[in-house]
Amino acid sequence: MTNRELISAAMKAREKSYCPYSNFAVGAALLTKGGNIITGCNIENAAFSPTNCAERTAFFKAVSEGITEFDRIAIVGGSVDGPIENFCYPCGVCRQVMMEFCDPDSFTIISAISEDNYREFTLKDLLPEGFGPDIL
Ligand code: THU
């Protein structure tokens, strides 16, 4: 699976975003260790706080299907009306959810503007000294 293919899947997932309040559409494509892609989009709510980010949608879909081992995630986000113009990074809550299931040294987070323009980080880069299951 190439990064290009994963970013493309995130772009497609973004089209499903339900974001009538922020008008900020996000798509994520999570690559499992088994080589499958699980996608997610942000899903907003009139009560605001039940809103779920694209990354967590992808993680929760996967875990609810019994998949708990992950390799990489690609994220794209921007105004629902236009093309993606900036890098979108996972919020703190999503980073913490990643910490639950992923190895911070090797799990890779790809933030993309396009299939050819992206940045890569490890989870540890974005959540240093994270609190994870190993601590308990
Ligand atoms: N959002 C995501 O889905 N992922 C991110 O990485 C950042 C923020 C969503 C939440 C909300 O629906 C909208 O973007 C604006 O914050």
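Computed values, structure above
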quantity	calculated
Flag if Thr51 is more than 9 Å from the ligand (Cβ to nearest atom) and either under 22 Å from Leu126 (Cβ atoms) or touching a Gly at 6+ places or on another chain (Cβ under 7 Å) (or both)	no
Index of the failed condition, Ala74 passing every other in (1) touching a strand residue (DSSP E or B) at 6+ places or on another chain (Cβ under 7 Å); (2) farther than 20 Å from Asn117 by Cα	(2)
Output for the range 109-136, where each listed residue is open to solvent by 30 Å² or more (accessible area, probe 1.4 Å), outside any helix (DSSP H, G or I), closer than 23 Å to Met1 by Cα and not hydroxyl-bearing (Ser, Thr, Tyr)	Ile113, Glu115, Asp116, Asn117, Arg119, Glu120, Phe121
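The values are calculated or read from the model by the stated rules, or taken from the named source; none is laboratory data. As the structure is a computational prediction, the values presented were derived from the model and not from experiment. Heads up, the Cβs are rebuilt from the backbone with ideal geometry, glycines too, and the neighbour counts pull from every protein chain shown. The protein model used for the area step is the full one, side chains on, heavy atoms only, and it has no ligands, DNA or RNA in it. Shrake-Rupley method; radii C 1.70, N 1.55, O 1.52, S 1.80 Å.
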